[in-house]
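Readers should treat all values here as calculations from the given coordinates under stated rules, not as data from a laboratory. Predicted, not measured: the structure shown is a model, and the values here were computed from it. In this analysis, Cβ positions are derived from the backbone assuming ideal geometry, glycine residues included, and neighbour counts consider all displayed protein chains.
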Amino acid sequence: MAMTLRLTEEQERALALLAEAEGVSKQEAVARAITEAAARRVRDDRVRALSREGRARYAALLDRLAQ
């Protein structure tokens, strides 16, 4: 799918540096960045959910330990 990406000059420079550091094209660097950001978000959301579940499940124990 074709897409136009509008970047500021600063973002363009950052993208160029990222692409060069990874040894890929700017288009590939953008695609990787999107994929990595999405994966981080999913992991972060899952960790938060597991944390909530754990706090709810062990609330009584955590309260006793805090005393």
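With a cut-off of 19 Å on the backbone N, the residues of the stretch 1-18 near the modelled label site 7 Å out from Gln27 along Cα-Cβ are 1-7, 12-13, 15-18.
Multiplying the residue separation of Met1 and Asp63 by 0.36 nm and subtracting their alpha-carbon distance yields 17.0 nm. Backbone phi angles across the stretch 17-29, fed through the Karplus curve with coefficients 6.51, -1.76 and 1.60 (θ = phi - 60°), yield HN-Hα couplings of 5, 4, 4, 5, 5, 8, x, 10, 6, 4, 4, 5, 4 Hz in residue order; Gly and Pro are listed as x.
In order along the stretch 62-67, the Karplus-derived 3J(HN,Hα) couplings, from 6.51 cos²θ - 1.76 cosθ + 1.60 at θ = phi - 60°, round to 4, 5, 5, 5, 6, 6 Hz, and Gly and Pro are given as x. Here the Karplus relation 6.51 cos²θ - 1.76 cosθ + 1.60, evaluated at θ = phi - 60°, turns the backbone of the stretch 43-59 into coupling constants of 4, 4, 4, 5, 4, 4, 5, 5, 5, 4, 4, x, 5, 5, 5, 10, 4 Hz, with x for every Gly and Pro.
To one decimal place, what Kirkwood hydrodynamic radius in Å is obtained for the chain from all pairs of distinct Cα atoms? Provide the component values of the computation, followed by the final result.
Values: mean 1/r = 0.0654 Å⁻¹.
The Cα-based Kirkwood calculation yields 15.3 Å.
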